[in-house]
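See structure below.
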Amino acid sequence: MATVIFDIIRKIARDSHQGLSYFAWVQYPKVESGLPMQTRFDLTQADIPKTWYNLLADFPEPLPPPLHPGTKQPVPPEALLAIFPENLVRQEMSPERWIEVPEPVRDIYALWRPTPLLRAVRFEKALQTPAHIYYKYEGVSPAGSHKPNTSVAQAYFNKVAGTKRLATETGAGQWGAALAMACKLFGLECNVYMVKVSFQHKPYRRMLMHTWGATVHPSPSDQTEYGRKLLAEDPQCPGSLGIAISEAIEDTVKHPNTKYSLGSVLNHVCLHQTVIGQEAMKQMEMAGEEPDAIFACCGGGSNFAGLTFPFIGKKITEKKKYRIVGVEPSACPSLTKGELRYDFGDTAETTPLLMMYTLGHKFMPPSIHAGGLRYHGMSPMVSHALKLGLIEAEAYHQTKVFEQATLFAQTEGIVPAPESAHAIAAVAQEAIKAREAGCKRVILFNLSGHGLLDLSAYETYQTGKMQDV
Ligand SMILES: Cc1ncc(COP(=O)(O)O)c(C=O)c1O
C-alpha cells in the first residue's frame, strides 16, 4: 500500500514539474537491494588521514628553490625563521612523501572531517549529460571553506613552537576567518590585515573573525610603515592581497613572539590540504568509479593542490591518465596568461623570489566577486605541475561562473562560494562536451566552500548588474 501511495506522489511530482527540466523528479535507478542508488559517500572519523601527502617527493624534476632577491641564491632555511616557526620551515622544504598529522590536529579536524563526497545527479540531469559528476564538499567546515585544513595545522605548529601571536592577510575573509578560529582553539592572538574593499563591502566574515576573537585592520592600514606610505599616496587605495601580505609580514618582524601565517601558495599549505584528495580517493572507490577529469578553482592554489596532488602522485607513479584542470578567473589569469618566472609573493617586495606563473607582483586585479582568486601569482608547486604537463588550466568570466553556480544551487541545493563556482563552470563545460560526444565521463571537483556570506554577489548577478572585467 505504502509503495502505491509513494508511486502516486512521485507521478504527481513528475507531472507537475514537466517543462522545468532541472526540477524534474530524479528517478534513481534501483540497486539490487531495492534501495535508491547511493549518491552520498561518507567516511568515518577513523578515516581522517593520519598523514599528509607531499608531492615534492614524486615530482619527476625538482622544484626550483625560493631565491634571495639580493644574492639570487637559494634561501637557506634559517632565513625563513624570522617569520615562520622551525617546524613549518622543515615541512616547507621536506622531501618526505608522507608527513604525520599530529593527534591534536586530527582531533580538531574531527569537528567536520571527513567531509562528504556527493554525486550531483540533479545537476547532471539539468545539463542532460551522460557524465557522472562527483564533488567533494569542503563547505561543511565551521568557517565554511577548505581553509581550516591548514589554519588548524599552522596554529598547532606555532603553538608548540612557542609563538604567542599570528599575523596574516585576507582577501574576502575566508582565510582570516579560518585562522581566527584556529588561533582561538589553540589560545593564540590573531591579527588580520583585510583587503580594504572587502573590509568595507563584505562585513560578515569580518564579524566572524571578531566572533572568534581576532583583531582586523582594513589594508592598507595605519598599522605599518608600508600601509601609511600607500595611504599618504592615495587615501582611497582599495588594497590588494599583495599589499595585505606585505603589511602582515612587516607586522610580524616588528612584534615580539609573532609569526606570519599564509593561507595558500606555500608548499606546507598545499601539503596540509591533501587530506581532501586522500579522502576523495577512498570515497570514489566506495562509489565504484575512477575520475577521468578532476577540477578545482585556483587562487593561490591550495584547494586545487588539496584535491589533486594525491591524484597527480598516482599519475606520476602509476601512470594514471587523469585530466586535471585548475580553473581561474579571466580577470586574474596567472596560469593561463601569466609568465613562469621568479617573482615576489607580495607587493612591497619583502618575500623571497618564488618560481611561479605570475602576472607581476604590481598587478592590481580588478575587483571581481571571487575575492579569494585575486592573487597575482600561483603556488610554485602548482606552477611546476603545469610546467611539467601534469595539469592544465582554464579561465572563465564571472557571469558564466554565476550562471552555472545558480544552476548548481537550484539543482543540488548548495549555494557555492564564488571562488568554488569557477570549478563548476568548467565542470559544466566538460559535462556538455561529454553530452555532445555521447560519451560517459566521470568528473570530480572540489566544492571548496559555500557562498552563504556572498549572497550580495548573487544578487548583483540576478539583477543583471554583474559585468565581466
Ligand atoms: C572558498 C574558496 N575557494 C578557493 C579559494 C582560493 O584559494 P586557494 O587557491 O588557495 O584554494 C578561496 C580563497 O579565499 C576560497 O575562499
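Quick note: the coordinates plus some simple rules give every number you see, no bench work behind them. Predicted, not measured: the structure shown is a model, and the values here were computed from it. Cβ: placed from backbone, ideal geometry, glycine included. Neighbour counts: every protein chain shown.
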Note to self: I need two numbers for the range 383-444: Rg to one decimal and Dmax as a whole number, Cα atoms only, in Å.
What the structure shows: 13.3, 38
Check: Along the range 337-349, what does the Karplus equation 6.51 cos²θ - 1.76 cosθ + 1.60 (θ = phi - 60°) give for ³J(HN,Hα), rounded to whole Hz, x for Gly and Pro?
Finding: 10, x, 9, 8, 6, 6, 8, 6, x, 9, 6, 7, 6
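Placing +1 at every Lys and Arg Cβ and -1 at every Asp and Glu Cβ, with all other atoms neutral, what dipole size does the chain have around its Cα centre, in debye to the nearest 20? Don't skip to the answer; put the middle values down first.
Details: 46 positive and 46 negative charges, 139 e Å.
Once rounded to the nearest 20, the dipole reads 660 debye.
Rounded, prolate or oblate: pick one for the range 131-218, where a ≥ b ≥ c are the square roots of the eigenvalues of its C-alpha gyration tensor, a/c under 1.5 means rounded, and failing that, prolate if a/b is larger than b/c, else oblate. Please report the intermediate quantities before stating the final value.
Values: a/c = 2.38, a/b = 1.21, b/c = 1.96.
Verdict is oblate for the range 131-218.
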Next item on the list: Would you work out which of L407, T460, A431 lies farthest towards the positive end of the dipole of the range 400-469? Charges go on Cβ: Lys and Arg +1, Asp and Glu -1.
Entry: A431
Note to self: Report D for the range 349-469 in µm² per second (integer): Stokes-Einstein, Kirkwood Rh on Cα pairs, 37 °C, 0.692 mPa s.
What the structure shows: 203 µm²/s
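Please give the length that would be gained between K387 and A437 if that part of the chain were fully extended, namely 0.36 nm times their separation in residues minus their C-alpha to C-alpha distance (nm, one decimal). Walk me through the intermediate numbers first.
On the way: separation 50, 0.36 × 50 = 18.00 nm, distance 2.90 nm.
Computed gain between K387 and A437 is 15.1 nm.
Can you give the translational diffusion coefficient of the chain in µm²/s, computed by Stokes-Einstein from the Kirkwood radius over Cα pairs at 20 °C and 1.002 mPa s? Present the calculation step by step, with values, prior to reporting the outcome.
Details: Rh = 22.6 Å.
In µm²/s, the coefficient is 95.
Neighbour counts of other C-beta atoms within 10 Å: give me S330, S420 arranged from fewest to most. Don't skip to the answer; put the middle values down first.
Numbers: S330 19, S420 32.
Going from sparsest to densest Cβ surroundings: S330, S420.
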Next item on the list: Among G306, P333, T317, flag the residue with its Cα farthest along the positive direction of the charge dipole of the range 305-352, charges on Cβ as +1 for Lys/Arg and -1 for Asp/Glu.
Entry: T317
Checklist line | Sequence of K362, K315, K125 once ranked by neighbouring C-beta atoms within 10 Å, starting from the fewest | finding: K362, K125, K315
Notebook entry, point to check: Taking the Cα centre of the range 95-226 as origin and charging only Cβ (+1 Lys, Arg; -1 Asp, Glu), how large is the dipole, in debye to the nearest 20?
Noted result: 440 debye
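What is the antiparallel percent of DSSP beta bridges lying wholly in the chain, to the nearest 5?
On the way: 19 of 52 bridges.
DSSP beta bridges in the chain are roughly 35 percent antiparallel.
Taking the number of other C-beta atoms within 10 Å as the exposure measure, put V216, V75, V195 in order starting with the fewest.
Details: V216 23, V75 18, V195 27.
Taking fewest neighbouring Cβ atoms as first place, the list is V75, V216, V195.
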Checklist line | Disulfide-incompatible cysteines by the Cβ rule (no partner under 4.7 Å) in the chain | finding: C237, C270, C297, C298, C332, C439
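Taking the convex hull of the alpha carbon atoms in the range 298-339, what volume per residue do you get, in Å³? Display every interim value, and only then the final one.
Numbers: hull volume 3.3 nm³, N = 42.
Spread over its residues, the Cα hull of the range 298-339 gives 79 Å³ apiece.
Let me have the relative contact order for the chain, percent, based on Cα pairs under 8 Å that are six or more residues apart.
Values: 984 pairs, mean separation 83.6, N = 469.
Relative contact order, the chain: 18 percent.
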Item checked: Global geometry of the range 284-368, whether rounded, prolate or oblate, following the gyration tensor of its Cα atoms and the 1.5 cut on a/c -> prolate
Next item on the list: Pull out a ≥ b ≥ c, the square roots of the eigenvalues of the alpha-carbon gyration tensor of the range 107-258, then state rounded if a/c is under 1.5, prolate if not and a/b is larger than b/c, and oblate in the remaining case.
Entry: oblate
Next item on the list: Among N54, L35, P95, flag the residue with its Cα farthest along the positive direction of the charge dipole of the range 28-138, charges on Cβ as +1 for Lys/Arg and -1 for Asp/Glu.
Entry: L35
Item checked: Whichever aspartates and glutamates have a C-alpha closer than 16 Å to that of K159, once near sequence neighbours (fewer than 8 apart) are set aside -> E86, E103, D107, E189
Next item on the list: Using the structure shown, select from K147/K320; K282/K314; K282/K320 the pairs with a Cα to Cα distance greater than 24 angstrom.
Entry: K147/K320
Notebook entry, point to check: Which of the pairs K164/K229; K202/K229; K319/K362; K184/K400; K202/K387 have their Cα atoms more than 31 Å apart in this structure?
Noted result: K319/K362; K184/K400; K202/K387
